[in-house]
Amino acid sequence: MAFEGLTERLQNAMKKLRGKGKISEADLRDTMREIRLALLEADVNFDVVKDFVKTVRERAVGAKVLEGLNPAQQIVKIVDEELTKTMGETEVPLNKAPKIPTIIMMVGLQGAGKTTTAGKLANHLKTDENARPLMIAADVYRPAAIDQLVTVGKQIDVPVFEMGTDTDPVEIVRQGLAKAEEDHNDYVFIDTAGRLQIDEQLMDELARIKELAHPNEIMLVVDAMTGQNAVATAQGFNDKLDVTGVILTKLDGDTRGGAALSIRAVTGKPIKFVGEGEKMSDLDVFHPDRMASRILG
Ligand code: GDP
C-alpha cells in the first residue's frame, strides 16, 4: 500500500503549523481545509470527511490547542487518533463457531478477489492454527471459477468440494456442509458467485445460501482500487445480507485510500483483513492504528 498523495498532502497541511509557538484561528481553519481537500482527493466518502474534519476541529478547540505548547504535534496526534477511529479503532477477530465447523461465506463482485482470498484465508488458518479447512465451490455460472478454486486448493493443499455447474448452489452447499461434518473439517469456506454489479437474482441466491448455512462469518470481499465504488458495493451487499466483515483486496495497487478510510464508517462493518498481493501469503490482519500511522507517514 502506498497512499502517497494522501500522506504527502496531510503532512503538508500540518507541516505549516510546525515551529509555531501559537497558532491562530485562521491557521487552524486553513489546516482543516487542507485536510478536508486531502481526504476528498483520496476519494474518501463525503460524509465521512465532513464528520472527520468536524471532530478534529472540535477536539483541537476543546483541547485548547491554539493556546498550548506544540500545537502542530497535538494536531497530528488528534488526526492520528481520529483516522484510527474512522477505520474501526482496533482489529476485529474472525467470528468462530462454538462447535466446529466455523462457516465462512465469501461474497463480492466478480473480480474483487473472492476466490483468491478464500484461499489466502484458508492458508492463513492452516499456517496459524493448523486448521483443516474445506472449500465449497458454489459459483455454478462460470466453470472457470470452479477450476480456479480447485487450483487454489491444490496450491495450499486444502480440499475443494464441487459438483460442477448443473446443481443448484444451495444444494451444493448442503452437500458440502454434510461432507465437512463427516470429515471433521474445522472451517468451511463457501465460494459464492459474483456478478459485475449487484443484481437482485444473485442477492436472492446468496440470501438462500445464508439461510441454509447459517454462516458464522459473511465476509464481503471488495477491491480497494475501486474507491467509492467499493464503498457503494459494500453498502449494497450489507443492506441485503447483513455482512459480518470486510476484506479489502488489492491494497498493494491502491494509491488513494478512499475505500480503506470509508467502508467502516459508512457500513458500520469492520475490515478484518487486507490483501496486498497475488500470492497466497499476501493477506494481513487489518489494524486500524497501524494503518493510520502508515497514512500519516
Ligand atoms: P473473484 O472473481 O472475486 O473470485 O476474483 P479472483 O479471486 O479471481 O481475483 C481476481 C484477480 O485479482 C486475480 O487476478 C487475483 O490474483 C487478483 N487479486 C486478488 N487479490 C489481490 C490482491 O490483494 N492484490 C493484487 N495485486 N491482486 C489480487
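The values are calculated or read from the model by the stated rules, or taken from the named source; none is laboratory data. A quick note: this is a predicted structure, and the numbers were derived from the prediction, not measured. Cβ placement follows ideal geometry from the backbone for every residue including glycine, while neighbour counts extend to all protein chains displayed. For the accessible areas, the whole protein counts, side chains as well, though only heavy atoms, and no ligand, DNA or RNA atoms are used. Shrake-Rupley method; radii C 1.70, N 1.55, O 1.52, S 1.80 Å.
A 1.4 Å probe run over the protein chains yields, for region 236-297, 37 Å² of accessible area per residue, whole-number rounding.
Accessible-area rank, largest first, for 141, 187: 141, 187, with all protein chains present and a 1.4 angstrom probe.
Taking the longest Cα principal axis of the chain as reference, the axis of helix 200-213 is set at about 70 degrees.
What trypsin sites (Lys or Arg not before Pro) in region 1-83 are in a loop by DSSP, with at most 16 other Cβ atoms within 10 Å of the Cβ?
Within region 1-83, the qualifying trypsin sites (Lys or Arg not before Pro) (loop, at most 16 other Cβ atoms within 10 Å) are 16, 18, 20, 22, 64.
Here the accessible area of the chain is 48 percent carbon and sulfur, with a 1.4 angstrom probe and all protein chains present. Among the GluC sites (Glu not before Pro) within region 35-75, which fall in a DSSP loop and have no more than 13 other Cβ atoms within 10 Å of their own Cβ? Taking region 35-75 and a limit of 13 other Cβ atoms within 10 Å, the loop GluC sites (Glu not before Pro) found are 67. For residue 37 and residue 61, a Förster radius of 25 Å and the Cβ-Cβ distance give a FRET efficiency of 0.80, rounded to the nearest 0.05. Within the chain, the ratio Rg/Rh, alpha carbon atoms throughout and Rh by Kirkwood, equals 1.06.
In this simple spin-label model, placing a label point 7 Å from the Cα along the Cα-to-Cβ direction at both residue 154 and residue 2 gives a separation of 3.5 nm.
Rolling a 1.4 Å probe over the heavy atoms of the protein chains gives region 52-206 an accessible area of 47 Å² per residue. In the chain, the DSSP beta bridges split such that about 10 percent are antiparallel, to the nearest 5.
Taking a sphere under 12 Å around the Cβ of residue 155 and counting the other residues whose Cβ falls inside, with K and R at +1 and D and E at -1, yields a net charge of +2. Residues whose amide H comes within less than 5 Å of that of residue 136, counting only those at least five positions distant or on another chain, are 161, 189, 190, 191 (H built at 1.01 Å from N in the peptide plane).
Mind scanning 50/272; 120/210; 15/114; 77/269; 16/50; 16/54 and naming the pairs with a C-alpha gap bigger than 30 Å? Over 30 Å Cα-Cα: 15/114.
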